[in-house]
Amino acid sequence: MAAERNGRKIVVEIKSFLSPSPMRDFEIALGQDILYRNLISLTEPEYQIYLAIKDSIYENFFQRESIQDIVKISR
């Protein structure tokens, strides 16, 4: 989903994390995020990309130190 407001352009990637394995969902989401980020930087560099997830996934999975480290490295 792409949007523009007050001159700011963003792309929001929405992920559901519905499988029994949050790590598998993370693996898929991370790979897609890297792909989309690279593609957008080549084609629409003025856009910023964001990942949208449920609060419960953020609190119970993304707050793990190891997951945060992986996210930082991938940026």
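Values for this structure:
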quantity: Spacing of the two label points (7 Å from each Cα toward its C-beta) at Ala2 and Asp55, in nm; calculated: 3.1 nm
quantity: Pairwise label distance in nanometres, Glu44 with Glu27, each label 7 Å out on the Cα-Cβ vector; calculated: 3.0 nm
quantity: Contour minus Cα-Cα distance for Leu35 and Ile73 (0.36 nm per residue); calculated: 12.2 nm
quantity: Given charges at beta-carbon only (K, R positive; D, E negative), |dipole| of the range 27-75 in Debye; calculated: 60 debye
quantity: Derived scalar couplings ³J(HN,Hα) [the range 27-44; Karplus, 6.51 cos²θ - 1.76 cosθ + 1.60; whole Hz; x for Gly, Pro]; calculated: 4, 5, 4, 5, x, 5, 4, 4, 4, 4, 4, 5, 5, 5, 5, 7, 9, 9
quantity: Residue-averaged [θ]222 nm for the chain, counting only DSSP H segments that reach four residues, each worth -39500 (n - 2.57); calculated: -14000 deg cm²/dmol
quantity: Amide proton proximity set for Phe17, modelled H, under 5 Å, gap of 5+; calculated: none
quantity: Semi-axis lengths (Å, descending) of the ellipsoid that matches the C-alpha gyration tensor of the chain; calculated: 24, 14, 12
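Values quoted throughout were computed directly from the atomic coordinates according to the rules given, and no laboratory measurement underlies them. It should be emphasised that the depicted structure is a prediction, and the values quoted were computed from it without experimental measurement. Backbone-built Cβ (ideal geometry, glycine too); neighbour counts: all protein chains shown.
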